[in-house]
Amino acid sequence: MPATTEATSQMTDTWYEKHWPNVIRTAAREHRKATIFTTEDMEQAIWEHALGNWSDYAEADDALVSTLMTRAARTYANKQRIEHMYATGSFIYTPKLVAAYLDSCVWSPVEEVPDVDARVDLQEAFAELSKSAPKQAGAVFKRYGLGEELSATERPNLSRGIESLTHKLNSGLRLQAESVEYAIAGEN
């Protein structure tokens, strides 16, 4: 159980035991094989969020509790990602992470986007994909932009599109843009 604080006294053992499996599932799902933090770190972050926002959790139904826990996990993962990027100057995207960001960042209203940096990176990579592989871009947009199901013939283009986006993101798309900005700034 989380460390005892004033907020913990409000959380009952029954509530804790009921939602413990959800914390484990949420952390495992949202961890996405990250190498910069552990599943246990994410579990702890979810519990801290529940304690720090107890008034939101206390009377919430199970669906809302699950949503709040997912948001807490994603917020934690995004914070860790940003800290890691600052610490190392780099970030590696995986196809699974790209798909998750396509689902939650690229075509969502900007105020609902959990990671603005990922949104910008993916929008730039998607613009490149639209020029180089329009069928792949079309499948990606249909699935994530429009939320429509894909036909059996479109699914391979979706997979290839996600792989292409992942490759573009990891092959220095941002570095190329930054070096051009630096070169232009250096000319002044």
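Could you tell me how many of the residues in region 144-156 are part of a helix (DSSP H, G or I) and free of Cβ contacts under 8 Å to residues at least 24 places away in the same chain?
Qualifying residue count for the region: 2.
Check Gly138 against each of (1) within 10 Å of the chain's Cα centre (by Cα); (2) under 22 Å from Gly161 (Cβ atoms) and name the one condition it does not meet.
(1)
Look at region 29-52 and say how many of its residues are part of a loop (DSSP other than H, G, I, E, B), surrounded by 15 or more Cβ atoms within 10 Å (Cβ to Cβ) and out of contact with any helix residue (DSSP H, G or I) (no Cβ under 6 Å at 6 or more places or on another chain).
1
For region 3-23, what are the residues that are surrounded by 15 or more Cβ atoms within 10 Å (Cβ to Cβ), assigned to a helix (DSSP H, G or I) and at pLDDT below 85?
Thr8 - this is the single residue of region 3-23 that is surrounded by 15 or more Cβ atoms within 10 Å (Cβ to Cβ), assigned to a helix (DSSP H, G or I) and at pLDDT below 85.
Given the criteria part of a helix (DSSP H, G or I) and in contact (Cβ under 8 Å) with a residue 24 or more places away in the chain, does Thr26 qualify?
Judged against the criteria, Thr26 is a match.
The values are calculated or read from the model by the stated rules, or taken from the named source; none is laboratory data. Just so it is clear, the structure is predicted and the values come from calculations on it, not from any experiment. Note: ideal-geometry Cβ built from the backbone for every residue, glycine included; neighbour counts use all protein chains shown.
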